[in-house]
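A quick write-up on the structure given underneath.
Just so it is clear, none of the values below were taken in a lab; they were calculated from the coordinates. Note that the coordinates shown come from a computational prediction; the quantities given were computed from them, not determined experimentally. Here Cβ is always computed from backbone atoms with ideal geometry, including for glycine, and neighbour counts include all displayed protein chains.
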């Protein structure tokens, strides 16, 4: 059977099949928006593909947190998803739960922004204006406070920016911009 690229609708239905948590759905929407933003910024041709990969990157996390990424790989193979989609999704768990190194630009972006969206989200929730007028300095201030959003792995974000060949401040700025586009859906307006 030939593998075909999923539509955004199919990807979202699959996400909802395996995730009921509102916070995980919002995280998926945030990462999707940031991936689309970076695809546009970098002049990539298949913007929808970038978004879909961002949308389903944590597909198995709610049901199988101890087998994160491994179950996603199985689910997407059963769903007959293309290998490059699966590989990109697997790469976001590099050094954490997979040994799939991010090689393609799309993979490097996903690896970098997954954790960063969590830090930005937490920072925005502390601000009276949410994400609407957020600047890099607000995020960097919270970055230094290791007890703030303690689950966010700042080393992964920094390493991701480095392998992307982008300045960390630029990565933060662009991630904020991507998240602003879905601020209402993710509860940050």
Next on the checklist: Quick check: the distance between the Cα centres of the range 133-159 and the range 53-109, to the nearest angstrom?
Outcome noted: 24 Å
Checklist outcome for this item: Taking a crude spin-label model, label points 7 Å out from Cα along the C-beta direction, the residue 44 to residue 173 distance in nm is 2.1 nm
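Please rank 81, 143, fewest neighbouring Cβ atoms within 10 Å first, as an exposure proxy.
Ranked by crowding around the Cβ, least crowded first: 143, 81.
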Item to check | Cα pair count fraction exceeding 28 Å, expressed as % - the chain | outcome: 19 percent
Next on the checklist: Per 0.36 nm of contour for each residue apart, how much would the distance between residue 74 and residue 125 grow if the chain were fully extended, relative to their Cα-Cα spacing?
Outcome noted: 14.9 nm
Item to check | Ranked packing of 162-168, 108-114, 56-62, 42-48, most packed first, by mean Cβ within 10 Å | outcome: 108-114, 56-62, 162-168, 42-48
